[in-house]
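Below is one structure, written out as structure tokens; comments come after it.
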Amino acid sequence: MPLPFPIKLSTGLLAASLCLGIANHPVAAEDAAKPDEKTEPKILSVTGVFEGLSSAEITADTEHTSSLEISRIVPHATHLKKDQNVVWFDTEDMDEKIKEAEIDLRLSKLKLDEEEFGYQQFIETQRLDRDAADQARDNARQDYDNFQRVDRDRQVLSAEFDLKASEASLDNATEELEQLQQMYDEDDLTEESEEIVLKRAKQSVEFAQFRLDNTKIQSERSVKQTIPRREIQQESELARAKLTYQKAIEDLDRARQRRDIEIKRSRDKFAKEETKLSEQRAERKTSVLKSPIEGILLHGKLTRGKLGDKPSTLDVKSTVTGSETIATVVNPNQLHVRVDLAEKDLAVVTVGTQCEVVPTAFPDHSLRGTVKSVSSVPYAVTKFDCVVSFQRTKPMPAIMPTMTCDLKFTMESDVDDDDDDDDDDDES
């Protein structure tokens, strides 16, 4: 019922009246007296990628064929069976290289045969050279031994014997001359022929005397000079023969080692060419690549469960390298979630932590996830690897590898923060 006249109230009085009215109201009083029973929990949300537990990369894996041209390839996202053909390569370039390698191998075989024959000739020549070196050394040692054991003494005896023979020859000639002279002196008359005989006898004595003088000189020189010099020469020749032998053996050994290394290098080179041709022929057999597992074919390489930012353009006439990942086959029935975890979230996300997994393609479908692993060392700057498994549900949406999802972790409320808030309320 309205008042018949206006009433003016002061601001303070109006506030007091409103508080009193609210306090006396039964519902308001009950709400004011009821404390906060539950605060809204904090949620940590991170993005993940569905990654296949079982996957296989398809590469040509060729070493000798650096560039391959695709003649046919199965379309992206095709479901494959195990051992199903995926990629076909043009083989013209491979066949041409195999043909060239076969020709090179035949030429190398001819060259190796020549080197092997030369090597065998070298080995036989080395054997003869070693025998000759042994013979030269043995001859020098034998000459030295002969001189020391026999020749030296025989040379001394020969000098003495020559001197003795010369002396005897002189004595004989002198004796014969004396007898002739005595016989002729007894005759009164000496015939002319007898004078000639006497003259020749005197000459024989002179010659014998001359030879004796020479023999004395030669014998003395032989004993005092020639024989000692010969002894020194024999020792020097033996020493030189030993040095020559050592050098010959050393040269033979070094030459042998050098030829052994050369022939081994030639053999290894030929073996490598044989291996290369064998590998090229084996690579020729891989001109058609098969899927090693059953799954979905994705063109290109997956990195941490993700496809590259640029779409794959592999098609007929596309060129790839021998080591390039052409495609990846992933089993869509066995998935987990790969997460790039920030460093600030390590305190919340630990092994065993439960979370909610919400596929981006199916936001109304929630999955229960469990953290299986968290790396302790970042794989990139401030990025840690995290793997989350999840429980499949029925019905299960068609989640495919490389799809993304949101992972929601419930963070426990901080009691101290709540106390501080209550204190602030009290103070206010």
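Taken together, the values in this text are just the output of simple stated rules run on the coordinates, not laboratory data. Just so you know, these numbers come straight off a predicted model, no measurement behind them. Reconstructed Cβ throughout: ideal geometry from the backbone, glycine too, with neighbour counts over all protein chains shown.
Quick check: convex hull of the Cα atoms in the range 219-378, volume per residue, rounded to a whole Å³? Walk me through the numbers on the way to the answer.
Numbers: hull volume 51.7 nm³, N = 160.
Hull volume over Cα atoms, normalised by residue count, gives 323 Å³.
The translational diffusion coefficient of the range 223-311, from Stokes-Einstein at 37 °C and 0.692 mPa s with a Kirkwood hydrodynamic radius over alpha carbon pairs, comes to 155 µm²/s.
Of all lysines in the structure, those lying under 29 Å Cα to Cα from K242, and not within fewer than 8 positions of it along the same chain, are K224. With neighbour counts taken as other beta-carbon atoms within 10 Å, the residues E324, E116, E124 rank, fewest first, as E124, E116, E324. Scanning residues 5 or more positions from G300 or on other chains, those with amide H under 5 Å from its amide H are A327, T328, with H placed 1.01 Å from N in the peptide plane. Ignoring lysines fewer than eight residues from K82 along the same chain, the ones with Cα atoms less than 23 angstrom from its Cα are K285, K290, K301, K306. Along the range 217-226 the Karplus relation, 6.51 cos²θ - 1.76 cosθ + 1.60 evaluated at θ = phi - 60°, assigns HN-Hα couplings of 5, 5, 5, 5, 5, 4, 5, 8, 10, 4 Hz to successive residues, with x for each Gly and Pro. Each residue of the range 46-58 was assigned a 3J(HN,Hα) from its phi angle through the Karplus curve 6.51 cos²θ - 1.76 cosθ + 1.60 (θ = phi - 60°); the sequence is 10, 9, x, 10, 6, 10, x, 5, 10, 8, 8, 8, 10 Hz, with glycine and proline shown as x. Against the chain, whose longest principal axis comes from its Cα atoms, helix 227-285 is set at around 30 degrees. With an a/c value of 1.5 or above and a/b larger than b/c for the gyration tensor axes a ≥ b ≥ c computed over the alpha-carbon atoms, the range 95-284 is described as prolate. Spin-label pair T313-V348: with each label point 7 Å from Cα along the Cα-Cβ axis, the two points sit 4.1 nm from one another. For E237 and E176, the FRET efficiency from 1/(1 + (r/R0)^6), where r spans their Cβ atoms and R0 equals 56 Å, is about 0.75. Residues in the range 346-360 carry Karplus couplings, in order, of 5, 5, 8, 9, 10, 4, x, 5, 8, 8, 9, 10, 10, x, 4 Hz; the curve used is 6.51 cos²θ - 1.76 cosθ + 1.60 with θ = phi - 60°, and Gly or Pro positions show x.
Note on the chain: percent of Cα-Cα distances in each 10 Å bin, starting at 0 and stopping at the bin with the largest distance, equals 4, 10, 10, 9, 8, 8, 7, 7, 6, 5, 5, 5, 4, 4, 3, 2, 1, 1, 1, 0, 0, 0, 0.
Relative to the longest principal axis of the Cα atoms of the chain, the long axis of helix 415-427 makes an angle of roughly 40 degrees.
Calculate the length of the line joining the C-alpha centroid of the range 119-133 to that of the range 61-80, in whole Å. After rounding, the separation between the Cα centres reads 58 Å. Subtracting the Cα-Cα distance of D129 and R230 from 0.36 nm times their residue separation leaves 33.5 nm of extension gain.
In summary, the lysines within cross-link reach of K109, defined as a Cα separation below 21 angstrom excluding same-chain residues under 8 places away, comprise K97, K99, K264, K269, K272, K276.
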